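Comments concern the structure below.
The values are calculated or read from the model by the stated rules, or taken from the named source; none is laboratory data. Source: prediction; values computed, not measured. Backbone-built Cβ (ideal geometry, glycine too); neighbour counts: all protein chains shown. Note: accessible area is taken over every heavy atom of the protein model, side chains too, but ligands, DNA and RNA are not part of it. Shrake-Rupley method; radii C 1.70, N 1.55, O 1.52, S 1.80 Å.
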Amino acid sequence: HCNSSRPNSNASRVSWYFLWNTPTAVEHNAVPNRFRSKVNGLTTRNSTEGSSAVALFANSAIGGSIVLVAVFVLIVLFAQSATEKTQNKMGGYARYVPSSDGNNVVHLDGANAAGTESLHENHQQQQAQPPIKRGFYVSFPVVLIISILLVCAILAAILATFFAATGVTCSGGAGVGLPNSNDSSVGVTDSASSRSSKAGDTNGEDLRLPTDVLPLHYELTLAPYIYDDNESAFYFSGSVNITIHAMNATSVIHLHADRIALSRETVRIVTVEDNAVLPLTDIEYSLPSQWYLLKLASPVQPGKQYRIEILDFRKPLLLDLRGLYLSVYTQDGRKHYLVASQLQPTDARKTFPCFDEPAFKARFDVRLVHRRDFLAISNMQQQSFEYKQDRDSRGRLYRTWARPELVGIADYALTAVKNITQFFEGYFEVPFPLNKTDQAAIPDFIAGGMENWGLITYRESRLLFDPKKDTTSSLQNIGNVISHEVAHMWFGNLVTPQWWDDIWLNEGFATFTQILGVRQLHPDWDIDAQFVVETQMVAFYSDSKGSSHPIYMEVQNPGQITEIFDTITYRKGAAVLRMLYSFVGDRVFRRAIGNYLKQNSYSSTFHTSLYDSLTREAQADGRTGLDVAEVMDRWIKQMGHPVLTCSREAGSIRLEQSHFLSDPSQKPDPKFVSEYNYTWIIPVTMVTQSNASAAAGLEDVSSLVQWMRIKSQAFPAGSLTPGEWYLLNLRSAGFYRVNYDRQNWRVIIAQLMADHTVFTPQDRARLLDDSFSLAAAGLVDYSVPLNMTRYLLKESHYVPWRAAMSKLSLLHSMLHRSSAVYGPFSAHMRRLLAPAYADLGIETARGDSHLRRLRRALISTFACQYGVSACRRDALRLFEQFASKNYSVHLPPDVRRAVLCEGVASSTSAEHWDVLYQRSQIEVHPGLHNDILRALACTHQPWLLNRYLDYALDKSKIRSQDAASVFSVVSANSNGLQIVWDYMRNNWDVIVERVPNSFATAYFVYLLGEFNTPIRLMEMEEFRAKNQDKLTAVQRTMEQSLESVRINIHWMNSNLHVKLMSRLVGLIGLLPPLLLLCSCSGAWTAEPATLDSIVDHVLGCRTKCYWLVIEALDRAPLGHPNQLRESSDPGVLDKNAKTNRGKVNVYGSGSNSAHKSFSSRWYELGQLNTSGARRREADAVEAISRHPVFQETASPSRLRISDGPVSQSQDLAPIALPRSGLR
């Protein structure tokens, strides 16, 4: 075992790492299996007085049973009396009529009894002699049924009395899945808290821990059982003592636990002072809250300390990447196991009972019991082992752990963590408080890194760097992740938010300050410029949707907490903090952050504490009018961001702010009403062409800030002439977009063409990003961004190229599946990429800078994708060399992914695919392993892609951590998104079961946002409705994906004007299913069949009809057997097909021009077939819509094709393309 002690921390920052030490078998004693749990009974309760309610029910049931017995006896006696006086065995209503001889006559409703007169015959007599008494006639079967019900009622009363006496209460429901126990058990309740409800609670229950008691210290023991090779039998056991301080008198203590069984036999509470036991009257479990209620006979006293002793608990070790979990890797053909932890955000409770909220910080002593041939590390320095180490000038220990075969490539990680730790100490002027820092590379890890205090855990590819095998981007990612996690040692560990709604203070701050750590370590990386494309632009994209959310928002339950670990929290939070940094300046920022950390060390805080510190320092620096809270509340408490629309006035520029939405027809989510009416306080920075030299090279732009506080405001611009440009948002420091007047766009583009270096890389990237985003929203014409891309022929910096390719990739995703515009678009891409590829080549040159290497990787990937001949030729040459040397020859790391992808894509068989997959199974190096996994998705064979998705859900074939990546790269395949979607719909239950981490499943749903057709939107909405209960943890992601699809559909309609009619016209070739399925609005009777009559009928049908027609099209063969013969040569037609085509009037004139025979439709669809294969509906519709007869149904496009000469006027000219112009 090993002991460790650590300063105050919340439970989610505790971490462990057990790893294989030597392959030698060692004698050992198994951890005893001492704990079982069993649920004995169920009863429902709705308040904390559950036991009283059960007892009352039991007592009432006994009394009620006595009354019921008495009533039953009277009924039976009465019924028996009636039975004796009649021989009729029918049950019914009976009336007793007196007779003169003293014998009562029983008259039965609807029947005569033997020896009696009928009601009909004696009607007048009955009226004259009213009945003396009434009763119920009961037959023998009815008596038997009542007897059985009575016995059941008595048994229920006895059982209720028994359970009330034993103190067991549970809720009805599906059960919790707790382990078995031989001891008396604890039940489950749906409402375990008597506290008041809050907004966002589940079933009206408050899911926040009460503060009646606070944890001070944990003594935790964990013992993983990982013997033999039977993974299903692996488990861990543990115990924990929690010292608590009573703040208020209470007889109920709430304690988090997720699927950990506790009972009164395994839990006790004692006083710290004299070890006196406080009797427990009951233990209840609330499933929605994931906590136990420990009920005491007498309340704890304020000011005193107590100890919760949990003697034993046990859980299975699973490959689920949550809590304390199992990880597996193979070395020398033999499986090796390790155990790691991932407790953030709400999985500490999955590992041990605890107070699992960020504000409940405490000290921990951890004991880890393990096999002698394993090692164990935790947050603090171990007392039992010594390891190789590196130390800083203060003698603090730094270590990096990895698999034996990978330890040799941990040098960069060790250097980076030591350097960045010391940098942040100096920058914040707050010492790192621990005496050691361990870093561990985990083979199975869901995130990039986890900031456990003193033991930071990472995915292997985010910690280990081999300069001979890893890409330049891998090196940069490692540096970023290490800097991010080290920043958390201050933001998150030393100072913690009080609750998860302020998690942006953790993640947003670490995402921003990571660039400070990397910038001082690698000044040549231009990391601030890269922040614009890697973080700010991604945040803009997510935040421009109506389904976005504020940075600061209330969350209550674990599902909501998990959902906010998203782009808005991380990237928008970081971008807004970078804006804050830019308007207060570096000096004020450093001093304020240092004071904030010192004042709140080892405690939890609220974001207003940070604002107060920044305001004090800013005012001390002379900015007396600046109130940081006033400014920041506008940015974190309302969703979205502004766009500034500019217009020139005499001597000034007028700016008008409005909420930017990528689809203006969308509305913000009504759950997040803006209390500021979507008005921001904006730090505006501006230069003009005449004074641009004054701002050149200026990194700190705080001195140029002017504040915009209202919707419309004018800013002085001096003597700005119409031919001069002005530029806002210098260095892209502010989180807002700018829409210039048309004249300014024109002169900015002219400046870029003449000398783009006048603008910083940040500004050039932002101009590209803004113009494309504004065009997508319909605020500017696409001629603005497309003409701007022409300057890229002179661009040599990585960042603007990265920005351009990101935005052009969005156009690619819109066009490549269903638009005829894609042809000239791809030609334009080749025209841009070919010169850049010729400059860079595919081989790395000695002396290449970091940014040049990044640009080579980017350009090579896209040049090969768009068919630049030189790129494909070079990539295939390198792949053939690689394959000829048994797939083991060295490939240049930066272009390795492009080379492997091109090789897999060019293969018409599964040979290369299978060999590469087998190579991935044995490949130890994480970088090469990841590149192979991505390249496998480049195949054009749909069956291989489907098999790959199967593999992704089989942990024996693909690691669980890589499942989301596989789905992502398959969806990026030109045919892959539909394959992924079909697979998800058919296998969602399997995905949820095998990928239990909600971060990964959310990413699966996120991929669907690339669709751009109404039919896919309908399918997604149906999927959401069908799986509502299985999408709880990814509900917000699902809403965002649906909104993305709606935006894409709007974009297609607005920019390409592909109307419903032009899509449905293509269905004319499928007349039989069309007529059958479209009868929803009446029978179609037009003779002869004309184009107009069929289209009119289709358009008259309901949306459901359209759905059914498309489904039929998906199933229908798109080639006619008499027109397309099977051939290895795609599209080869036999003589019959050509003859048939000659018999129909395809391009007729006059009235016949509207008539296209059905066989001609089959012929045209057959042109798309490859060896008779079925093709998707979009391909068929596109092919048919290209016929001249259909062109009249399409309106002019904002991305329109022109076959004439291209104008080269000084105005915004269209892009020159081979044989056509794209405008």
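List of remarks:
- Beyond 16 Å, the tail of the calculated P(r) for segment 860-916 holds 35 percent of the Cα pairs.
- Accessible area in square angstrom per residue, segment 208-376, 1.4 angstrom probe: 32 Å²
- Cα centroid separation, segment 859-901 to segment 647-694: 45 Å.
- Fraction of accessible area attributable to carbon and sulfur, segment 817-905 (%, probe 1.4 Å): 51 percent
- Packing-based ranking, highest mean first, of 441-450, 871-880 given that Cβ atoms within 10 Å are counted: 441-450, 871-880
- Taking the alpha carbon gyration tensor of segment 658-749, multiplying each eigenvalue by 5 and rooting it gives semi-axes of 28, 17, 12 Å, largest first.
- Charge context of Q301, other residues only, Cβ under 14 angstrom, K/R +1, D/E -1: -2
- Prolate is the label for segment 208-376, because a/c, from the alpha-carbon gyration tensor with a ≥ b ≥ c as root eigenvalues, is 1.5 or above and a/b exceeds b/c.
- For segment 817-905: relative contact order, % (alpha-carbon pairs under 8 angstrom, 6 or more apart): 30 percent
- The calculated pair-distance distribution of segment 461-599 uses every alpha carbon pair, bins of 5 angstrom beginning at 0, and gives 2, 9, 17, 21, 21, 15, 10, 4, 1, 0 percent.
- Projection of the Cα convex hull of segment 227-301, averaged over all directions and equal to a quarter of that hull's surface, yields 6.8 nm².
- Label-to-label distance, nm, for residues given as I922 and I710 (7 Å Cα→Cβ offset): 7.4 nm
- Estimated translational D of segment 487-528 in µm²/s (Stokes, Kirkwood radius over Cα pairs; 37 °C; 0.692 mPa s): 299 µm²/s
- Carbon and sulfur %, accessible surface of segment 208-376 computed with the full protein complex present, 1.4 Å: 46 percent
- Spin-label pair L214/E429, simplified geometry with 7 Å Cα→Cβ offset, distance in nm: 2.8 nm
- For the listed peptides 209-215, 418-424, a ranking on the average number of other beta carbons within 10 Å per residue, highest first, reads 418-424, 209-215.
- A P(r) calculated from all alpha carbon pairs of segment 730-835, with 10 Å bins opening at zero, reads 14, 49, 32, 5 percent.
- Spherically averaged projected area of the convex hull of Cα atoms, segment 402-452: 4.4 nm².
- Between A629 and Y887, the modelled label-to-label distance comes to 6.2 nm, taking each label 7 Å out from Cα in the direction of the beta carbon.
- Max-minus-min Cα coordinates of segment 817-905 on each principal axis give 41, 30, 17 Å, with the largest extent listed first.
- Packing-based order for 982-989, 305-312, 491-498, using average beta carbon neighbours within 10 Å, highest first: 491-498, 305-312, 982-989
- Whole-number accessible area per residue in Å² for segment 817-905, which is evaluated in the context of all protein chains at 1.4 Å: 40 Å²
- Extended-chain gain in nm, criterion 0.36 nm per residue less alpha-carbon gap, Q743 and D954: 70.2 nm
- Neighbourhood charge, 13 Å Cβ-Cβ cut-off, centred on V1034 and excluding it, Lys, Arg +1 and Asp, Glu -1: -1
- Charge sum, other residues only, whose C-beta stays under 14 Å from L698's C-beta, Lys/Arg counted +1 and Asp/Glu -1: -4
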